[in-house]
Amino acid sequence: MSFLLGWTAALAAAAVSLRVLLRTWFPLFWKDAAFLSKVLRCGAKLLLFRLTSGAVTLTDRFVQQARRVPEKPFVVYEGATHTYREVDERSNRVANVFLQRGDVRRGDCVALLMGNEPDFLCAWFGLSKLGCSVAFLNVNVKSRSLLHCFNCCGAKTLIVGADLMACLEDILSSLHKDNIKVWVMARRSDHVEVHTLLDKIDAASARPVPAALHAATSLKSPTLYIFTSGTTGLPKAAVITHLQTLKASSGFWAYGGTQDDVIYIPLPLYHSAASMIGIGGTIELGATCILKKKFSASQFWNDCRQHHVTIFQYIGELCRYLCNQPESEGERVHKVRMGVGNGLQKDVWREFHRRFGEIRMCELYGATEGNICFMNHVGKIGAVGRSNFFYKLIFKYVLVKYDMVKEEPAKNEHGFCQLVKKGQTGLLLSKVSATSPFFGYAGSKELTEKKLLRDVLTKGDAYFNTGDLMAEDQEDFIYFKDRVGDTFRWKGENVATTEVSEILGLVDFIQEVNVYGVEVPGNEGRAGMAAIIVRPGCAFDGKKLFDHVLGDLPTYARPLFIRIQKCIETTGTFKQQKFRLVQSGFNPSAIFEPLYFLDTIQKRYVPLTDDIYCRILAGEQKL
């Protein structure tokens, strides 16, 4: 008996010791373990598909949910509710229209130029049921760039939203010459060469097309082409496979989403965040999504209250827009418990919590075409993700030193990249392997090869170059620092624009800020410049801004030039555009917006006059 009691006491002591040890040295052990178990379960499911040749695609998952919960609301759009059954049947009608006409066949690519609306989903799923891949075209792309998109993905059929026909006016003749058939989501067309689709959908059968048409032989087969936007050059068509859509659709589930959630999607469907994570995640859960035509900061919380939203998708700037709205009494009255997205800066994150409550903000990191993903499952403010020992065993990534002058990774005497230490900023590279493949871009092997770095750590290896500067702290949290192209060098030091933006964003009269570097003749590198929007009811205060940057920024990171704007140009996903600002420089004769210069003599930002500009060019003005 005493022997048994001794062993019991020993086991109890061991359990207590283990608990104390984990709490002291590994405080996030159980959270990491729970999250990792979900990652492994997702991976095991995909592996099972591969081993049994039973590839289940996102479209298959949608059909399964339509059979399981046919009358459950799938999409709520502008006051109208569309159930899983209704969207399933309407997508069948789309499939039958093209099947009967013989315009598209299994393996073809069809381009979709549509804004956020339920028929975007019906067209997407209908074409997928025919075994077609679908190219999501950015609705902001026009003319030459739009023609380029067709050449990339090889699409010979285009479906365009009725409200976007004007985008095709300049290129309809070119599309016709290239034998590209154009269909408009309308019942009538003003152009003879443009076919109408709505009338034919109404008349088509809602019966499912043969399952053999969309049966996937491999999860690595292309199913989507999503165009990555750049500040320069033409869009690139990222190849999206069934495997990638299934991984992305697990995001909400991994963060604890359930079938009872109502998900608010205000982002454009032509990007992966809204389509693959948002719609795909809604399908995976069997949940309901509230689809917005366009994000509205003034309507956001009213929509959330009206539809009992529990999860919303965001881009960092979206949250900033919400924080910039006038405070109201009811802004904390809602059921939102989680936000899922990326790009949320620390200052906005904290302000968002102060204004709207302790909503769990789930940051994630991953490029559309990338082979690496980080998720901040513990909600550490400022971090885009978290890693650990076991995660690194599965996903091989490194942070390497980056030479800002040469704009390439720094190499050692053997020609290999150099790893950075914990806490240091480095270029994120992800190893290409069977478990982390990189599928590249359509239409150009050269573009695909440019995103790969070879012989990184050993001869013959290959890594995907994210183009992002990241840092990993002692606790294994991952922080996004900047895009390589957005980082500039001044006074022999590297300046991260996001960090400067965060500091400037703390000034009370600044509503929004966009930081970049401009060339100054006679000087190496680029000098800091910031385009800002002044808050309504406030005025620019050059003395206050000078005192702020003097106290919070090192000398090399202080913006020398300020440009006052009424609005800051962004992409469809609210990312700030810098290229035109960089190109226009700081010449007061060429810029018709107020410009200011950091004057260390007067200790304030002063109006940038032609005289000051000339003295800068002549090297007579101290910078």
At 7 Å along Cα-to-Cβ for each site, give me the label-to-label distance between Ser221 and Ser298 in nm.
4.8 nm
Can you run the Rg to Rh ratio on segment 68-193? Use alpha carbon positions and the Kirkwood inverse-distance Rh.
0.98
Hey, any idea what % of segment 465-623's accessible area is carbon plus sulfur with a 1.4 Å probe?
49 percent
Taking Cα pairs under 8 Å and at least six residues apart, what relative contact order does the chain come out at, in percent?
9 percent
Counting each DSSP H run of 4 or more residues in the chain as -39500 (n - 2.57), what helix-only mean residue ellipticity at 222 nm follows after dividing by all residues, to the nearest 500 deg cm²/dmol?
-9500 deg cm²/dmol
Count charges around Ser143 for me, please; just the other residues with Cβ under 10 Å from its Cβ, Lys/Arg as +1, Asp/Glu as -1.
0
Gain in length, Glu358 to Trp30, computed as 0.36 nm per residue apart minus the alpha-carbon separation, to one decimal in nm?
115.9 nm
Mean Cβ count within 10 Å, highest first, over the residues of peptides 128-138, 172-182:
128-138, 172-182
What fraction of the DSSP beta bridges in the chain is antiparallel, stated in percent and rounded to the nearest 5?
60 percent
Please calculate how many Å² of accessible area segment 466-546 carries per residue, with a 1.4 Å probe and no DNA, RNA or ligand atoms counted.
39 Å²
At q = 0.13, 0.29 Å⁻¹, work out log10 I(q)/I(0) for segment 199-258 with the Debye formula, treating every Cα as an identical point scatterer and leaving solvent out; two decimals please.
-0.66, -1.08
Give the peptides 329-337, 300-308, 267-275 in descending order of average Cβ contacts within 10 Å, highest first.
267-275, 300-308, 329-337
FRET E, pair Asp610, Arg332, Förster distance 35 Å, beta-carbon r, rounded to 0.05:
0.10
For the chain, the dipole about the Cα centre with charges only on Cβ (Lys and Arg +1, Asp and Glu -1), to the nearest 20 debye, works out at 1520 debye
Charge dipole of the chain built from unit charges on the beta carbon (Lys, Arg +1; Asp, Glu -1), centred at mean Cα; most positive-end Cα among Tyr596, Leu581, Cys538 is Leu581
Given H placed on each backbone N at 1.01 Å, which residues far from Gly339 in sequence or on other chains put an amide H within less than 5 Å of it?
Phe312, Arg360, Met361, Cys362
Which FRET efficiency, nearest 0.05, do Lys421 and Phe540 yield, Cβ-Cβ r, R0 56 Å?
0.85
Note: Asp199 to Val378 extended length (0.36 nm per residue) minus current alpha-carbon separation gives 59.5 nm
Quick check on segment 219-356: of the DSSP beta bridges with both residues there, what percent are antiparallel, nearest 5%?
35 percent
Positive dipole terminus of the chain, leading residue within Tyr556, Trp30, Gln313 (C-beta point charges)
Trp30
Reachable aspartates and glutamates from Lys380, criterion Cα separation under 14 angstrom, eight or more residues apart if same chain
Asp32, Asp347, Glu358, Glu363, Glu472, Asp473, Glu475, Asp476
Cα-Cα over 26 Å, subset of Lys421/Lys459; Lys292/Lys445; Lys220/Lys451; Lys346/Lys451; Lys422/Lys481
Lys292/Lys445; Lys346/Lys451
The rounded separation in angstrom of the Cα centers of segment 363-442 and segment 222-300 is 23 Å
Only Lys, Arg (+1) and Asp, Glu (-1) charged, at Cβ; segment 366-443 dipole about Cα centre in debye
400 debye
Label model pair Leu550, Ser444: point-to-point distance (7 angstrom along the Cα→beta-carbon line) in nm is 4.8 nm
With an 8 Å Cα cut-off and a minimum separation of 6 or more residues, compute the relative contact order for segment 54-140 in percent.
27 percent
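The values are calculated or read from the model by the stated rules, or taken from the named source; none is laboratory data. All values derive from a computational prediction rather than experimental measurement. Ideal geometry is used to build each Cβ from the backbone, glycine not excepted, and the neighbour counts take in all protein chains shown. With ligands, DNA and RNA removed, areas are computed over all heavy atoms of the protein, side chains included. Shrake-Rupley method; radii C 1.70, N 1.55, O 1.52, S 1.80 Å.
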